[in-house]
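Here the structure is laid out as structure tokens; the discussion comes afterwards.
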Amino acid sequence: MDPDIHENLLTNGKGQKGVPSEEKLKDRLWSETKKMWVVAGPAIFTRCSTFGITVISQAFIGHIGATELAGYALDSTVFLRFVNGIVLGMASGLETLCGQAYGANQYHMLGVYLQRSWMVLFTCTIFLVPLFCLTTPILKALGQDEAIAEEAGVIALWFIPVVFSFIPSLTCQMFLQTQSKNMIISYLAFCSLSLHIFLSWLLTVRYKFGIPGAMISTILAYWLPNMGQLSFVMCGGCRDTWKGFSFLAFKDLWPIIKLSLSSGAMLCLELWYNTVLILLTGNMENAEVEINALSICLNINGWEMMLAFGFLAAASEVAAAVAELSPLLACSILLNSVQPVLSGVAVGAGWQSIVAYVNITCYYLVGIPVGVVLGYVFHMQVKGVWIGMLFGTFVQTIVLIVITCKTDWDNQVSIARKRVNRWFVEAEEPSANQQGV
């Protein structure tokens, strides 16, 4: 986090020594907006580019065959999203710790937190690998189409290197964004995305290598930016915050684990919502078309910029199914422009546990049951499932708006100031003890 932004937060928008700023409100608003876009602009581009890798792969796999496309859709929107939710959620705890350390001028601790996060996430990811090795029997047990389940099992093995790429990717991004070093991430993401488009065309369309060609390009697209980010961090790009590998990374892992689990629970409950929807459509009539249509719409919903690629991936019946879902897709895009901001406010205020309960209630006790009733009882098929998803998201958005409006933000600033001051004192105690020895 930028030190100026951090200081402004803790002083509640006042100048030095508590004197209110004389700037006009519009000038202050413009100044804060510019600071926000310095961080948000590159972060948005990076997230869109990273998500685009999956969408581009789906687009080119759509040229191979409908069954392959459905298998890839199941893997990417069920198993890959399941694991990505866990890793992203747990990695978001690093963002909190790095932000606190940077704000307290304890720069060397950022590198230590980064290494601790690597160890926690690597251990967690190892336990998740069997999901990809047992994809076919798991999908068959869940009632998915047999041919699609077999194809998904083959593709899932290619996703194992992708899963491990999430660890350095997400943690390095949060490590660098805390220091406002976002542009290097954006440059690497752009280069990776461009290379992925070219390699996907070359290996799947030009040389007809099929699934292996598409997945080789996907793996390279995920790992090349990681190599660039790690090289930047370790080779002088972060001299103040990266002091090399340290044995301190093996100490005090429990706070990292606890914060990672809390953050992971909040985010996973949200990301897994779409996973359940895809599994529900796999049990419907004409499952191949339904899965392809819903997965394309979910990808468009997550990355509106790649609208053309999403439609390109579909065969002509699939295109009709996607067209039928377009009005619901528009409603999803509208809701998703508001809901993530509210979730971000909740995370910044440390409400991960509260939001986790909100997500369980709105998504799993409201949205999914409504989708099941509309889809199966009223025979609305995939449209009914999507309406249920929208209803759950709508209820969650309303609840978060109410919580945000009723919050005493002056009190939240006071709590944040006390938390940082307490953390600073605790961080200084080990150094003082070492000097005494």
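Expected output is a single nm value to one decimal: the length gained when fully extending between ARG28 and ILE360, i.e. 0.36 nm times separation in residues minus the C-alpha distance. What is it?
Roughly 115.7 nm would be gained on extension.
Pull up all non-local amide H partners of MET380: gap of 5 or more, or a different chain, and H-to-H distance under 5 Å with H placed in the peptide plane.
When sequence neighbours closer than 5 places are left aside, the close amide H contacts are GLY375.
At 1.4 Å probe size, what's the solvent-accessible area of LEU94? Round to the nearest 10 Å².
Here the residue's solvent-accessible area equals roughly 10 Å².
Using only alpha carbons, build the gyration tensor for the stretch 123-258 and give me the equivalent ellipsoid semi-axes, biggest first, whole Å.
33, 23, 10
Where only protein heavy atoms count, and the probe is 1.4 Å, what is the accessible area per residue for the stretch 125-228 in Å²?
Accessible area per residue: 42 Å².
Quick one: check the C-alpha center-to-center distance for the stretch 168-239 versus the stretch 72-98, whole angstrom.
Cα centroid to Cα centroid, the span is 17 Å.
Applying 1/(1 + (r/R0)^6) with R0 = 22 Å to the Cβ-Cβ distance of CYS235 and TRP37, what FRET efficiency is obtained, to the nearest 0.05?
After rounding, the FRET efficiency stands at 0.20.
Quick one: ranking LEU134, LEU74, LEU230, LEU248 by accessible area, 1.4 Å probe, largest first, what do you get?
The most accessible residue leads, giving LEU134, LEU248, LEU230, LEU74.
Report the extension gain between ILE401 and VAL129 in nm, rounded to one decimal, defined as 0.36 nm multiplied by the number of residues separating them, less their alpha carbon distance.
That pair, ILE401 and VAL129, stretches by 94.1 nm at full extension.
Could you compute how fast the stretch 147-193 diffuses translationally, taking Rh as the Kirkwood radius over C-alpha pairs and applying Stokes-Einstein at 25 °C with viscosity 0.890 mPa s? Give it in µm² per second. Intermediate results must be reported in sequence, preceding the final value.
Numbers: Rh = 12.7 Å.
Approximately 193 µm²/s, per Stokes-Einstein.
Just by accessible area at a 1.4 angstrom probe, what is the order of TYR187, TYR113, TYR107, TYR357 from largest to smallest? Walk me through the intermediate numbers first.
Details: TYR187 135, TYR113 20, TYR107 70, TYR357 160 Å².
Order by accessible area, largest first: TYR357, TYR187, TYR107, TYR113.
The values are calculated or read from the model by the stated rules, or taken from the named source; none is laboratory data. The shown structure was predicted, so the numbers you read here are calculated from the model rather than taken from an experiment. With ideal geometry, Cβ positions are generated from the backbone for all residues, glycine too; neighbour counts draw on all protein chains shown. Heavy atoms of the whole protein, side chains included, go into the accessibility calculation; ligands, DNA and RNA do not. Shrake-Rupley method; radii C 1.70, N 1.55, O 1.52, S 1.80 Å.
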